[in-house]
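Here you go, one structure.
The values are calculated or read from the model by the stated rules, or taken from the named source; none is laboratory data. Note that this is a predicted model, so its numbers are computed, not measured. Glycine gets a Cβ as well: all are built from the backbone with ideal geometry, and neighbour counts include every protein chain shown. With ligands, DNA and RNA removed, areas are computed over all heavy atoms of the protein, side chains included. Shrake-Rupley method; radii C 1.70, N 1.55, O 1.52, S 1.80 Å.
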Amino acid sequence: IEKWQQIDTSAVTSAYQMFYGCSSLQSVTLDTSAVTSTSQMFANCSSLQSVTLDTGAVTNASSMFNGCPSLQSVILTGLTRGVSVANASLSSTALDALYTSLGTAAGSQTITVSGNYGTTGDDPSIATGKGWTISGS
């Protein structure tokens, strides 16, 4: 176990730029149930491949995954706000798993998936059935 995986993040409310630019970071699973801002949380984490977070309280996920071309798996349990996973490496199976993990969109919300090779075989209706707009699929 990496030392950062032992950090208790259960009371953290802002993860703004928490791992920004961590070019060696490959996988993250954290208790982020109290986090309201994940803005730029993983921006420019060029080696990041897998993320699993509880994002039900998030109200700002802007630029969360900008510059994450190696991203292959994203689970954002309960997310209700717009997010972009554009230009990553998500398969259709991974995109469908992401759509499944999302909560019901809070009003008009968009998930951007353009630039992922899985957009040719994903099932956006998983997310649109929860009120999401899908851009790039």
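Of the numbered conditions (1) in contact with a Leu (Cβ under 8 Å, 6 or more places away or on another chain); (2) more than 17 Å from Ala61 (Cβ to Cβ); (3) β-branched (Val, Ile, Thr), Val83 satisfies every one except a single condition; which is it?
So Val83 meets the others, but not (2).
I need the full set of residues from segment 41-83 which are under 18 Å from Thr110 (Cα atoms), open to solvent by 40 Å² or more (accessible area, probe 1.4 Å) and more than 11 Å from the chain's Cα centre (by Cα), in order please.
Gly56, Thr59, Asn60
Answer yes if at least one residue in segment 118-134 is at negative phi, among the acidic types (Asp, Glu) and out of contact with any helix residue (DSSP H, G or I) (no Cβ under 6 Å at 6 or more places or on another chain), and no otherwise.
Within segment 118-134, not a single residue is at negative phi, among the acidic types (Asp, Glu) and out of contact with any helix residue (DSSP H, G or I) (no Cβ under 6 Å at 6 or more places or on another chain).
Take the residues in segment 65-119 that are touching a Phe, Trp or Tyr at 6+ places or on another chain (Cβ under 8 Å), of a type in the set (Ser, Thr, Tyr) and not in a loop (DSSP other than H, G, I, E, B); name whichever of them is farthest from Leu30 (Cα to Cα).
Filtering segment 65-119 for residues that are touching a Phe, Trp or Tyr at 6+ places or on another chain (Cβ under 8 Å), of a type in the set (Ser, Thr, Tyr) and not in a loop (DSSP other than H, G, I, E, B), the one farthest from Leu30 (Cα to Cα) comes out as Thr110.
Quickly run through segment 23-34 and pick out the residues that are open to solvent by less than 50 Å² (accessible area, probe 1.4 Å) and out of contact with any strand residue (DSSP E or B) (no Cβ under 7 Å at 6 or more places or on another chain).
Result: Leu25, Ala34.
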